[in-house]
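Structure first, then comments.
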């Protein structure tokens, strides 16, 4: 196995590029000055120009500064997809504070866990969005609908430094509680500028935002468009397909989806992607070539890109623009090569360069690696010094993903090397699932699996505690109790759709649960 020219074996390096700006605050301010009348936001029948967005965010920043928000603070953002939410996130970052998005679909228990871990100074919400009202939390709540949407000439503020936090997104935790990934401005600026360059984002139709802001998949749709002078069109959600696909003035420049999104669209709308977007970008899950092949001519002429990256690597760290015909026969579409200012190490379980031809763990280093987990410094979090891998000193992250280096120098994703799941683009740790499930009285053990389908979902195989009478009524009661417990703590996509009581879990000689044997023993 060899790396790219000039790199040692087992290392792939993206292009080294200087950045034009160190924060998206600087990039969006630049657009407001260069093209003040260009459309920045579209929401329903309303449009906001770049000048209006910048004045709005500046007015909000003044209000937040008066409320005591300053550098390094964290501000909760009840993340409805509205113009006020976008302006508020920009305002928080302009104050060198970090926004912490909370999806309104999160159950109350998860919201409270995030609030406790984030230690915020404020919660911002937009009552005009007319969705779920945020629950009461221990910090002041500020309604964006009651704050000025415009103001005098924006105050000149000190721009964020590359090492200032931009946002904190909470992912599932192996210990059973969510953990906050801290992304700095320098990392976000590197991703946004790379994204604009490879996708061709410029003044034009931009991208639609329909995904949850509580997960970093939506970052690709949100900030690159605004940083490059394109339009950002806001939608209620993935179900708003008539508005998303019909009556477009021109195709989007970028449509970012998970494979599960695409399966959902194919089942419900079967859009003509030729009229929808110039570039279809996939991320969040392994991409099956057969899924692409099944769409046929409705993809003719559309650029396609596979995009890979954990939250800890700022949305995406590897990419591949591909021809559908060239990937048929592969188990999945390769994830390609590293993006700008990023390095990929292929290592064994002792962090030594993997031998040629063998599956390896992927370790990511460079500009996109997060600052770490909020309130969890030190070892044991999969962050390490790149110098341990033989590179320059700096942050690196063990992804836990297994990859293979193909003959053409691209990376093929093979799956997880640990107990983590990806479901419809959402990440969940086995530890969090097990903790909530085993807290239900009468449940002694559980195993989980991902079920394929038009939309991926989880399955839970439950073992009841000794003394259970095995009656259908008791089993159904246990299933109801587990479903209620998980629904109270996790996003809906991470609650197993199928639950089944089995007499026991069957383990193989390696000590891992054999799901097929467990189902067979249960007569399934």
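I'd like to compare 308-320, 254-266: which one has the highest average count of other Cβ atoms within 10 Å, and what's the full order after that? Spell out each step's value before the answer.
Working: 308-320: 26.5, 254-266: 22.6.
Highest to lowest by the protection proxy: 308-320, 254-266.
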If you count, for each residue, the other Cβ atoms within 10 Å and average over each peptide, how do 91-97, 212-218 line up from highest to lowest?
-> 91-97, 212-218
Cα gyration tensor shape of segment 227-314, rounded if a/c is under 1.5, else prolate or oblate by comparing a/b with b/c | rounded
Two-site label geometry, residue 268 and residue 47: point separation in nm, points 7 Å out along Cα→Cβ | 2.8
Evaluate E = 1/(1 + (r/R0)^6) for residue 481 and residue 520, where r is the Cβ-Cβ distance and R0 equals 25 Å; express this FRET efficiency to the nearest 0.05.
-> 0.45
For segment 299-422, Kirkwood radius (reciprocal of mean inverse C-alpha pair distance, Å) | 15.3
Is segment 65-169 best put as rounded, prolate or oblate by its Cα gyration tensor, with a ≥ b ≥ c the root eigenvalues, rounded for a/c under 1.5, and otherwise prolate when a/b is larger than b/c, oblate when not?
-> oblate
Taking N as the residue count of segment 292-346, its alpha carbon Rg divided by 2.2 N^0.38 Å gives 1.29
Percent relative contact order of the chain, based on C-alpha pairs within less than 8 angstrom and at least six residues apart?
-> 14
Can you tell me the relative contact order of segment 328-414? Whole percent, Cα pairs under 8 Å, sequence separation 6 or more.
-> 33
Peptides 436-449, 20-33, 133-146: what's the order by average Cβ count within 10 Å, highest mean first?
-> 20-33, 436-449, 133-146
From Cα coordinates alone, what are the radius of gyration and Dmax values for segment 5-140 in angstrom?
-> 18.1, 56
Segment 173-286, relative contact order [Cα under 8 Å, separation at least 6], % = 24
Please report how far the C-alpha centroid of segment 64-99 lies from that of segment 154-218, rounded to the nearest whole angstrom.
-> 13
Express in % the proportion of alpha carbon pairs of segment 89-241 at distances exceeding 23 Å.
-> 44
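Every number in this text was worked out from the coordinates using simple rules, so none of it is lab data. Keep in mind that what you see is a predicted model, and the values were worked out from it rather than measured. Note that each Cβ is placed from the backbone with ideal geometry, even for glycine, and that neighbours are counted across all protein chains shown.
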